[in-house]
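The values are calculated or read from the model by the stated rules, or taken from the named source; none is laboratory data. From a predicted model like this one, the values you see are computed outputs, not experimental measurements. Here Cβ is always computed from backbone atoms with ideal geometry, including for glycine, and neighbour counts include all displayed protein chains.
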């Protein structure tokens, strides 16, 4: 945006009460102009292409096309548009998906009018805003220990899947066309990586943590 031009905002939410509430909030700030309202992601994509808003307030959980897919489509059409995810709760997968789709920020709907206004102003110039809950989830995910079995090789996962089926070392070797001693080495590595004391414990851990497709 150049100079003192108003910030053109598009509201996207499948609940009319939320849309009208956000519209009323925007009216309290003279620097914002509401250019449109959409009730789902498909409408959001169409209106964004037609109206070219500066900032889109995007709900994430909507029928037809969800907010993440809509965000991606909108930015594919015009990368200059800024999208602020505005949703009811923070869940790591949703936060990550929204940001990966190109959202400039992630806010919860319990945000105050002034906080939302600040986020819109920041988004208009490309500055990100994250709800504290979203920031916490991202930090927790980044600092969490690796998932059990993350370091299993593809061959070890194949061996583990056959272990779950109850095959002996010789039978596993026949299935994978490798020697029984090679199977034994793979199993030893599997036990080590899963911190399992026995073959039975390794199988139990694999099933519990869904480390392989056992169907």
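Scanning the range 193-210 for residues that are more than 13 Å from residue 150 (Cα to Cα) and over 27 Å from the mean Cα position of the chain (by Cα) yields a total of 9. If you check residue 63 against the conditions, is it at pLDDT 95 or above, outside any helix (DSSP H, G or I) and over 20 Å from residue 136 (Cα atoms)? So residue 63 fails the test.
Considering only residues of the range 169-212 that are out of contact with any helix residue (DSSP H, G or I) (no Cβ under 7 Å at 6 or more places or on another chain) and in a loop (DSSP other than H, G, I, E, B), which is surrounded by the most Cβ atoms within 10 Å (Cβ to Cβ)? Step by step, filter the range 169-212, then rank; the result is 178. Checked against (1) loosely packed, with under 15 Cβ neighbours inside 10 Å; (2) closer than 20 Å to residue 115 by Cβ, residue 50 meets all criteria but (2). With respect to the numbered conditions (1) crowded, with 20+ Cβ neighbours inside 10 Å; (2) over 19 Å from the mean Cα position of the chain (by Cα); (3) more than 30 Å from residue 201 (Cα to Cα), which one is the sole condition not fulfilled by residue 126? Every listed condition holds for residue 126 apart from (1).
One residue alone among 14, 5 is surrounded by fewer than 19 Cβ atoms within 10 Å (Cβ to Cβ) and either in contact (Cβ under 8 Å) with a residue 60 or more places away in the chain or within 27 Å of the chain's Cα centre (by Cα) (or both), and that residue is 14.
So which residues in the range 112-137 are within 18 Å of residue 67 (Cβ to Cβ) and in contact with a strand residue (DSSP E or B) (Cβ under 8 Å, 6 or more places away or on another chain)?
We begin by selecting, within the range 112-137, every residue within 18 Å of residue 67 (Cβ to Cβ); these are 116, 119-120, 123, 128-131, 133-134, 137.
Hits for the range 112-137 are 116, 119, 120, 123, 128, 129, 130, 131, 133, 134.
Scanning the range 7-22 for residues that are under 19 Å from residue 81 (Cβ atoms) and either outside the structural domain of residue 80 (by TED's automatic domain parsing) or outside any loop (DSSP other than H, G, I, E, B) (or both) yields 7, 8, 9, 10, 11, 12, 19, 22.
Of the residues in the range 137-152, how many are over 18 Å from residue 204 (Cβ atoms) and touching a residue at least 12 places away in the same chain (Cβ under 8 Å)? Within the range 137-152, residues that are over 18 Å from residue 204 (Cβ atoms) and touching a residue at least 12 places away in the same chain (Cβ under 8 Å) number 5. Annotation: of all residues in the range 46-60 being assigned to a strand (DSSP E or B) and in contact (Cβ under 8 Å) with a residue 60 or more places away in the chain, the one that is farthest from the chain's Cα centre (by Cα) is 55. Take the conditions (1) in contact with a helix residue (DSSP H, G or I) (Cβ under 8 Å, 6 or more places away or on another chain); (2) under 26 Å from residue 6 (Cα atoms); (3) modelled with pLDDT of 95 or more; residue 159 misses just one of them, which is (2). For residue 68, indicate whether it is assigned by TED's automatic domain parsing to the domain that holds residue 121, buried (at least 19 other Cβ atoms within 10 Å of the Cβ) and within 15 Å of residue 106 (Cα to Cα). Yes: the conditions hold for residue 68.
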